[in-house]
Amino acid sequence: MSLSEDFLSTEDLHPIDIVESLAESNDWEFDRVTDDQIAMAVEGQWKTYSLTLAWSAQDETLRLICTFEMEPPEGRMGELYEVLNRTNDMVWTGAFTYWTEQKLMVWRYGLVLAGGQYAGPEQIDRLIAAAVMAAERFYPAFQLVAWAGHSPADAMKVAIAEAYGRA
């Protein structure tokens, strides 16, 4: 039985309830922060990624952020921002940003569900998988620029192919 068959009427379910069910079925560590927010830890090949999904009823958007710690040397920040620009040119379903104060690399995406639309389990699962796959795909490029002194153009060569991890 697929996970979607567990839900009789998806329209009546809160999106975070669906995320919680997905986390349970995948044995991901999670914390239901509020009725409208859940935080999870998802193991990847390179890192354990922290994911937070939050529902905003005001603008009818399911927001996802996927983060991992990164403390690049101060002298490499210009190159890191250049590789971020190159990375964001290669993706369509979200964007990376670097939060300097928190020392976090962040993948952000907002799924707009305006007009009473709903997200089913498959769509939310795909959303989570896409976030982890993006982090897995570009993590080596960020590391090569920050710590190995590679140019952004050279570092991006490792991100040409899609990553295959587990999410």
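The values are calculated or read from the model by the stated rules, or taken from the named source; none is laboratory data. Please read these numbers as outputs of a predicted model, since none were measured by experiment. A quick note on method: Cβ atoms are made from the backbone with ideal geometry, for glycine too, and the neighbour counts reach across all protein chains shown. Please note that ligands, DNA and RNA were not included when accessible areas were found on the heavy atoms of the full protein model with its side chains. Shrake-Rupley method; radii C 1.70, N 1.55, O 1.52, S 1.80 Å.
Structure values in brief
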read-out	value
Per residue convex hull volume, Cα atoms of segment 87-150, in Å³	105
The chain: calculated mean residue ellipticity at 222 nm from DSSP helix runs of at least 4, using -39500 (n - 2.57)	-11000 deg cm²/dmol
Sum of side-chain charges, TRP147 neighbourhood, beta-carbon under 15 Å (Lys, Arg +1; Asp, Glu -1)	-2
Compactness relative to 2.2 N^0.38 Å, alpha carbon Rg of segment 46-167	1.11
Label-to-label distance, nm, for residues given as GLN58 and LYS103 (7 Å Cα→Cβ offset)	3.2
Label-point separation, GLN123 to GLU74 (7 Å along Cα→Cβ), nm	4.6
Helical segments meeting 20 Å axial Cα length and Kyte-Doolittle -0.5 threshold in the chain (DSSP H)	121-147
Apportionment of accessible area to carbon and sulfur, the chain, percent (1.4 Å)	48
Among ILE124, GLY78, MET105 - extreme Cα towards positive end, dipole of segment 62-135, charges at beta-carbon	ILE124
Solvent-accessible ranking of TRP28, TRP147, TRP107, largest area first, probe 1.4 Å	TRP147, TRP28, TRP107
At 0.890 mPa s and 25 °C, Stokes D of segment 26-68 from Kirkwood alpha-carbon radius, µm² per second	222
With DNA, RNA and ligands ignored, accessible area of ASP31 (1.4 Å probe; Å², nearest 10)	90
Cα-Cα separations in segment 53-112 greater than 16 Å, expressed as whole percent	51
